[in-house]
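Notes follow the structure.
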Amino acid sequence: MVAPSTQPVARAVLRASVILALLCAAALVVTARQTMQQSPAQTGSPPPPPAVPRPEDAGDAIVIEGDYARDVFGMGRTVVVRGLVRHGVMAFGGDVVVEGRVEGDVAALGGSVFQREGSFIGGDVWVFGGAYHHGKGAPARNPASSTVMYAGYEQELREATRNPASVLAPRWSLPSLGVRVLSVLFWFIVSLALTAATPDAISRAAARLQLTSLRVALIGFVGALVIGFGVPVSLHVLPPAVGVFVGALASLLLVVAYLFGRVAIHAATGRWLQRLLLNERNRSESVALLLGALFWALVLSLPYLWALAAAALVVTSLGLALTARYRLGWKSPAKI
């Protein structure tokens, strides 16, 4: 266990928490100010209507003319349907412009769907990161079809689908910095709450992680494989009600395991950092949790490495949750 907190350490933790809260508030205020400056409502003028792309302006667009009997996919390109598509049309990082007839579904991820006058869509319309534009009149659609649209983060989704490497190398900006500061504050508060509620369990998990980290990670990896393959199989093999129940239990296990395991990882990491940075009298559990939250927030912000770090956190957290009732050595007690 870590030595109890002293008054200077308590003041330092309180000071750090106040600084984190002020940084969060400053980031949110600046982000809101930038949004208000960019909002068309600030000037009192209505937003301009969306420009419908013309096929001749689409550049390297995929143009479908005549009768096409298969599905159409566009990766980072706009799809223009002038003829007949007997199945569906999907664009990743581009728009879908329907001038002819599509018998199946139409979907756009990181783009918009434009349905021109006189065209027809027989299936559903799915738009994520864009909008569905069909002119002033009611579009020619199958009455049984539906429309699913989420219009946020169009530019981000378009960039991610056209350049997948950008997801692994996020760009630094003031809003992203504010999100990371909020993440540190969130995990610090969650760590304090769980440590106060179950101090012995968190302490045992942190000690077990320091002594047998490889074994814990191996058990977590096996558990992740079982859940990853077992839940989809159960959804297909078992009755629907039972399959949904198994999936809900698996999701609940992952959430609880991640919360418990990540707090234990924060505690173990913070203790290790305290041994490197602080002398023994200035160490405390609160400082350890704050240092652990800061450390993993920085690691999860590293380009390309954050994906491996996130996977390691999930696997290790699952291993800690699955071995929570075992002793440190996992050996049966000696007989007397």
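The values are calculated or read from the model by the stated rules, or taken from the named source; none is laboratory data. All values reported here derive from a predicted model rather than from experimental measurement. Using ideal geometry, Cβ is built from the backbone for each residue, glycine included, and neighbour counts are taken over all protein chains shown.
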*I265 fails exactly one of the following numbered conditions: (1) modelled with pLDDT under 90; (2) crowded, with 23+ Cβ neighbours inside 10 Å. What is the number of that condition?*
(1)
*Among the numbered criteria (1) in contact with a His (Cβ under 8 Å, 6 or more places away or on another chain); (2) farther than 25 Å from R204 by Cα; (3) of a type in the set (F, W, Y), which single criterion is violated by W296?*
(2)
_S203 - would you say it is surrounded by 15 or more Cβ atoms within 10 Å (Cβ to Cβ), over 30 Å from V244 (Cα atoms) and touching a His at 6+ places or on another chain (Cβ under 6 Å)?_
no
